[in-house]
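These notes are about the structure you will find just below.
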Amino acid sequence: MKREIRDMQEALDALGYVAEPVVATAVYLATAMRKPLLVEGEAGVGKTEIAKAMASLLGTELIRLQCYEGLDVHTALYEWNYQRQLLRLKIAELDGRDPAELEATIFGREYLLERPLLRAITRREGPPVLLVDEVDRADDGFEAFLLEVLSDFQVTVPELGTIRAEHVPYVVLTSNGTRDIGDALRRRCLYLYVEHPTLEKEVRIIRSRVPGAGERLAEDIGRFMQALRKRPLRKTPGAAESIDWAQALVQLHRDRLDAEAVAQTLGCFLKDHEDVSQTGGETLDALLTESGVRAAAG
Amino acid sequence: MTERDLVAHLARFAGALRVRRVDVRLKDELDAAEALPLVDIFDRAEVHRTLRTALKVRRADWDTFDRVFAELWDAAGSRSSRARRRPPRAVEDHRGPPRWEWDGRRVRLAVPGARAAPEGETPGYSPDALLRRKPFDELNRDDVRRVEQLIARAAARLATRRSRRLVPSRRGGVVDVRRSLRRAVGTGAELVALARRERALEHLDLVLLCDTSGSMDPHTRFLLAFMMGLRRAARRAEVFVFNTGLTRLTSWLGAGRHEATLRRIASLVPDWSGGTKIGASLAEFVARHQNQMVSSRTIVVILSDGLDLGDPDVLAGAMRAIRRRARRVIWLNPLLGDARYRPTAGGMAAALPFVDHFASAHNLESLERLVPLLAA
């Protein structure tokens, strides 16, 4: 393994992000090649965490753009500060100033509200990490716009003209795969698919994120989750759920799993009614036995 | 390996991936060529990770990627290091190929222990309720007209779906502060007229591919009626029929009586109600029309019983190409209305992995259920 990649993996580890070689390699390549990194994977596998870890690793700001259906330029890029503009207009009215001159004033930089994309390219202190979260939720029109921003790193505000990037930001895009990302955008990025963690990794994640959780508890949760993910569920829990669950169990002063503890805290990792109702009684027993928790406890 | 060797080898590797239908473009190769010098190229696992990241290999193609990597990359590496490593076995699924099962409403992957959701009941009675559930091949002459009306109405509902995106509007909607202010500059900060925005109308692009072979006969007329209704609702709808060949019908499905249209179509389409070559017909569509007609906004609807006389591989290849480009692929199969039917026939089994929604189309109710799928 290349030294830089090993270093990166260790640095991510030290930050509390348990990185597999795949993730470390992808993050290293994205920073070295200055290309956006497209991260796909099921919910809860820690896609967003990659961007956060990258920002603290590079010692820079994380700027996040959460995508949703109907997201438009005014939320993603910029918006004018209407209140200030109105105020300025009213004051100008008293002075009786020329409208053209007035327009130039109120559409100046100080009346502009920067939204995530614009802030990411105008940051002066160095390149930030721009996280475009759940890009598959935005409509494809926005995707085309994003593609343009990501290729030129400049944006045009009609009233102001073109604004160029001070520093080209590091870009991480995440997608849950609710919709296929357009080919053009995919090709512009490096690609990383994150899977559910292995047992060993999951235990490490729990230990590093929930300091109160002992070796035994983390191991039990890990084993249980691995067994649970093999079942057909509507919403398969990810590492995020394991962390929530571990926290809950620590609050309840549990140092290992048993049937009672699991039944009490089912809602920490099963977040679908049908899944909850199907995982009662016998299934739970089976899971506990399968994961080896029951045998050890009994 | 020198850098030139590396590039040449990379090109061979990408070529081998393409042959196995993994979508790798020149741009991806360039990315990979840029990435490889950044990593330790004598570390097999690292090269593997790097190539997968830089060539943007999707999760679904990982097994193929692993195989090609084992064949080509390991062979090349061993020439210099002389340590011929055994290619790692691709991760194999011991559960065998996924089985599709009919759960009374739609086909889904067979999941042991999972219960099927009960069929949704519509409370209240209407004379149309019975008609809705009556299989198309049992309708009498009077029913036909009523069903056609209901089909047209269901299809028209599609036209009213609105996007969440806001666009300028003259009629009303929420106040557009930005444009209102912009106008106010001219009138000295006095808001004389408010500009407004409303939710944009979602445009629907549809491509309909309809099987007209003998096995589909009782259903064809209603499916065509449905398609004609959809044509009025969609911004763009292309209609094709196929049996042993593909015929574009778009210009023929105008307004007018279905009876006349059907007769006209029958005279146009070769081998109406004959045998079917689904794979070849869809491949023809991909080759001749796909680029112009299918984009990421397009929903492709295929109406067929999947009883293909041709090579399943041809069908799978065509379906893969369509799936890659379209927003969604819906396969309607009238046979699904029959509880005994299992989609294991060669053609259907080959096509299923590339279908987003597999639904029945044997009565009006099943067609109506399709409407939300088309709109979302």
Which one of the conditions (1) away from chain B (no Cβ under 12 Å); (2) touching a strand residue (DSSP E or B) at 6+ places or on another chain (Cβ under 7 Å); (3) buried (at least 17 other Cβ atoms within 10 Å of the Cβ) does A:L57 fail to meet, given that it meets all the rest? (2)
Would you please name the residue that is farthest from the chain's Cα centre (by Cα), looking only at residues in the stretch A:109-124 that are without any contact (Cβ under 8 Å) to a residue 40 or more places away in the chain and more than 11 Å from chain B (Cβ to nearest Cβ)? A:E110
In the stretch B:180-202, which residue that is modelled with pLDDT of 75 or more and away from chain A (no Cβ under 11 Å) is farthest from the chain's Cα centre (by Cα)? B:V192
What is the one condition in (1) more than 14 Å from chain B (Cβ to nearest Cβ); (2) under 28 Å from A:D140 (Cβ atoms) that A:A11 does not satisfy? (2)
Please work out which residue is farthest from the chain's Cα centre (by Cα), limiting yourself to the stretch A:64-82 and to residues that are facing chain B (nearest Cβ under 10 Å) and not in a strand (DSSP E or B). A:Y82
Take the residues in the stretch A:1-22 that are touching a residue at least 40 places away in the same chain (Cβ under 8 Å), among the hydrophobic types (A, V, I, L, M, F, W, C) and outside any helix (DSSP H, G or I), then tell me which one is surrounded by the fewest Cβ atoms within 10 Å (Cβ to Cβ). A:L15
Which one of these does A:L57 not meet: (1) assigned to a helix (DSSP H, G or I); (2) closer than 21 Å to A:L118 by Cβ? (2)
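Take the residues in the stretch B:6-54 that are touching a residue at least 60 places away in the same chain (Cβ under 8 Å) and charged (D, E, K, R), then tell me which one is farthest from A:Q9 (Cα to Cα).
Here the answer is B:R21.
Residue by residue, here is whether (1) of a type in the set (V, I, T); (2) farther than 19 Å from A:K2 by Cβ holds:
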site: A:V22; (1), (2): yes, no
site: A:V39; (1), (2): yes, yes
site: A:I63; (1), (2): yes, yes
site: A:Y68; (1), (2): no, yes
Matching residues, the stretch A:22-45, being at pLDDT below 90 and out of contact with any strand residue (DSSP E or B) (no Cβ under 9 Å at 6 or more places or on another chain): A:A43, A:G44
Taking the stretch B:271-311 as the search range and keeping residues that are closer than 14 Å to B:A351 by Cα and hydroxyl-bearing (S, T, Y), which one is modelled with the highest pLDDT? B:S281
With respect to A:I221, determine if the residue is in contact (Cβ under 8 Å) with a residue 60 or more places away in the chain and more than 20 Å from A:A138 (Cβ to Cβ). no
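Would it be correct to say that A:P232 is within 23 Å of A:G267 (Cβ to Cβ), away from every other protein chain (no Cβ under 14 Å) and not in a helix (DSSP H, G or I)?
So A:P232 does not fit the description; no.
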Between residues in the stretch A:265-293 that are closer than 14 Å to A:Q226 by Cβ and residues that are of a type in the set (S, T, Y) and assigned to a helix (DSSP H, G or I), which pairs lie under 8 Å by C-beta distance while being six or more apart or on different chains? A:F269/A:S242
Starting from residues that are modelled with pLDDT of 70 or more and of a type in the set (A, V, I, L, M), keep the ones in the stretch B:203-223 and report whichever is nearest to B:P168 (Cα to Cα). B:L204
Pick from A:R256, A:R223, A:R216: which is assigned to a loop (DSSP other than H, G, I, E, B) and out of contact with any His (no Cβ under 6 Å at 6 or more places or on another chain)? A:R256
Per the list (1) in a helix (DSSP H, G or I); (2) facing chain B (nearest Cβ under 8 Å), residue check on A:I91 breaks on (2)
Strands (runs of 3 or more DSSP E) contained in the stretch A:143-204 and holding at least 2 residues more than 10 Å from chain B (Cβ to nearest Cβ), surrounded by 14 or more Cβ atoms within 10 Å (Cβ to Cβ) and over 17 Å from the mean Cα position of the chain (by Cα): A:154-157
If you take just the helices (runs of 4 or more DSSP H) that sit entirely in the stretch B:1-114, which of them hold at least 2 residues that are within 14 Å of another protein chain (Cβ to nearest Cβ), more than 23 Å from A:L185 (Cα to Cα) and at pLDDT 85 or above? B:44-54, B:62-68
Examine the stretch A:23-40 for a residue that is assigned to a helix (DSSP H, G or I), at the interface with chain B (Cβ under 8 Å from one of its Cβ atoms) and surrounded by fewer than 22 Cβ atoms within 10 Å (Cβ to Cβ), and state whether such a residue exists. yes
Options B:V294, B:V314, B:V355, B:V301: the member that is under 21 Å from B:E238 (Cβ atoms), surrounded by 17 or more Cβ atoms within 10 Å (Cβ to Cβ), in contact (Cβ under 8 Å) with a residue 12 or more places away in the chain and touching a helix residue (DSSP H, G or I) at 6+ places or on another chain (Cβ under 6 Å): B:V294
Could you tell me whether the stretch A:134-141 includes any residue that is within 12 Å of chain B (Cβ to nearest Cβ) and more than 15 Å from A:L65 (Cβ to Cβ)? yes
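The values are calculated or read from the model by the stated rules, or taken from the named source; none is laboratory data. Model, not experiment: these values are computed from the prediction. Neighbour counts are summed over all protein chains in view; Cβ atoms, including those assigned to glycine, are modelled from backbone coordinates with ideal geometry.
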